[in-house]
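A.B. asks: Below you'll find the structure I mean.
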Amino acid sequence: MNRTVLIVGAAITLALVAVLFVGLGKDPAEIKSPLIGKPAPEFALKAVGTGQTIDIAALRGKPVVLNFWATWCVPCYQEHPVLVQNAQIIPNVQFIGVVFNDTEDKINAFLRERGSVYPTLLDEQGKTAIAYGVGGVPETYFLNRQGVIVAKFTGPMTTEILQSNVAKALQ
Amino acid sequence: MIFLLLVTALGLPPGPPEGAPLSGQALEQRTHEVASLLRCPVCQGMSVADSPSTVALDMKQHVHELLARGYTEEQILSYFESSYGQFVRLKPRNPLVWILPVVVFLIGAVLVVVTLRRLSSPTTENRELRTDNPYLDRVRELVEKE
């Protein structure tokens, strides 16, 4: 009986320790989204500056890097050059920025100062952000050619992080 | 001139609204109630109804619109859950979340009690080895404790 109690106790303790270690080993920025593996929520928003309507459904057939950001978000300043640089060197991948809780004037000023090589859309009511489960910014979703979300990254990306996730979208 | 417009009305739960469209005071009250069941994704344990963050305000506004269209509480909660995960529900749908910790605690408590009882009482083996001589039994107990 004593041995049984010890074995059960040890099993429970080991299970708890294992759960703790698995949790500690995870990158908190890589938050699992329930949308991964599912078709990306559809939206059509107008681009800042050009006024051109971008419909996400029309981009099927091309992997998409969908970056949610805002001008009031400090990490977005750090991430912006990474996105601009990679948008120029990675072929056949559509980069799109979606800005929410922000104003057109501030976005234009930000893009004039820091460069813009891909469409930036304004999500005025935050509905697109809600549909994608965006909590904070920056958050980036990677869509494959079929329009399915294959990865999500929370926080500012480095080139390595961005390119490793783009590779998933290209598969 | 505002030339940045939201073009499509997205963000609707799947299927038609299953309730009656609300308006006026009833809509405001119900918005608060449903928003109280949603967790603010950028706060520490605050509901969407209580949080002043812009994300929470957007979510609350969206709840308001969905209730006005006639979507039910469960349709709205399921919609938010589909994009944010079960985390967004302040009251998880799966009752195991509440029950399991209590069950595990009770199992642990039983294990502790059983172990303590076993340690404080003579073992079966000890009882089997008892002789008619109390002195020898006492010596054996002391030796085994060592």
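A.B. asks: What are the residues in the stretch B:72-97 that are buried (at least 18 other Cβ atoms within 10 Å of the Cβ) and either under 14 Å from A:Lys127 (Cα atoms) or more than 14 Å from every other protein chain (Cβ to nearest Cβ) (or both), if any?
C.D. replies: Result: B:Gln75, B:Ile76, B:Tyr79, B:Phe80, B:Ser83, B:Tyr84.
A.B. asks: Moving on to the next point. Would you be able to tell me the number of residues in the stretch A:152-171 that are more than 15 Å from A:Lys62 (Cα to Cα), touching a residue at least 60 places away in the same chain (Cβ under 8 Å) and of a type in the set (Gly, Ala, Ser)? So that I can check it myself, show each step before the final result.
C.D. replies: The first filter runs over the stretch A:152-171 and keeps only residues more than 15 Å from A:Lys62 (Cα to Cα), leaving A:152-164.
Still in the running and touching a residue at least 60 places away in the same chain (Cβ under 8 Å): A:152-159, A:162-163.
Still in the running and of a type in the set (Gly, Ala, Ser): A:155.
The number of residues fulfilling the criteria is 1.
A.B. asks: Moving on to the next point. Are any of the residues in the stretch B:61-74 among the small types (Gly, Ala, Ser) and assigned to a loop (DSSP other than H, G, I, E, B)?
C.D. replies: The answer is yes, given that some residue of the stretch B:61-74 is among the small types (Gly, Ala, Ser) and assigned to a loop (DSSP other than H, G, I, E, B).
A.B. asks: Please enumerate the residues belonging to the stretch A:106-133 that are in a loop (DSSP other than H, G, I, E, B) and of a type in the set (A, V, I, L, M, F, W, C).
C.D. replies: A:Val117
A.B. asks: Among the residues of the stretch A:133-156, is any among the hydroxyl-bearing types (Ser, Thr, Tyr), at pLDDT 95 or above and in contact with a helix residue (DSSP H, G or I) (Cβ under 7 Å, 6 or more places away or on another chain)?
C.D. replies: no
A.B. asks: I've got another one for you. In this structure, does A:Pro28 turn out to be more than 10 Å from every other protein chain (Cβ to nearest Cβ), loosely packed, with under 14 Cβ neighbours inside 10 Å, on the phi < 0 side of the Ramachandran plot and modelled with pLDDT under 95? Steps first, please.
C.D. replies: Numbers: more than 10 Å from every other protein chain (Cβ to nearest Cβ): yes; loosely packed, with under 14 Cβ neighbours inside 10 Å: yes; on the phi < 0 side of the Ramachandran plot: yes; modelled with pLDDT under 95: yes.
Here the answer is yes, as A:Pro28 does meet what is asked.
A.B. asks: For the subset of the stretch A:134-170 comprising residues that are within 14 Å of chain B (Cβ to nearest Cβ), within 10 Å of the chain's Cα centre (by Cα) and in a loop (DSSP other than H, G, I, E, B), which member is surrounded by the fewest Cβ atoms within 10 Å (Cβ to Cβ)?
C.D. replies: The qualifying residue surrounded by the fewest Cβ atoms within 10 Å (Cβ to Cβ) is A:Gly155.
A.B. asks: Follow-up. Specify the residue that is farthest from A:Phe153 (Cα to Cα); the eligible residues are those in the stretch A:44-103 that are assigned to a strand (DSSP E or B) and more than 14 Å from chain B (Cβ to nearest Cβ).
C.D. replies: A:Gln94
The values are calculated or read from the model by the stated rules, or taken from the named source; none is laboratory data. Keep in mind that what you see is a predicted model, and the values were worked out from it rather than measured. Because the Cβ atoms are built from the backbone with ideal geometry, glycine has one as well, and the counts that use them run over all protein chains shown.
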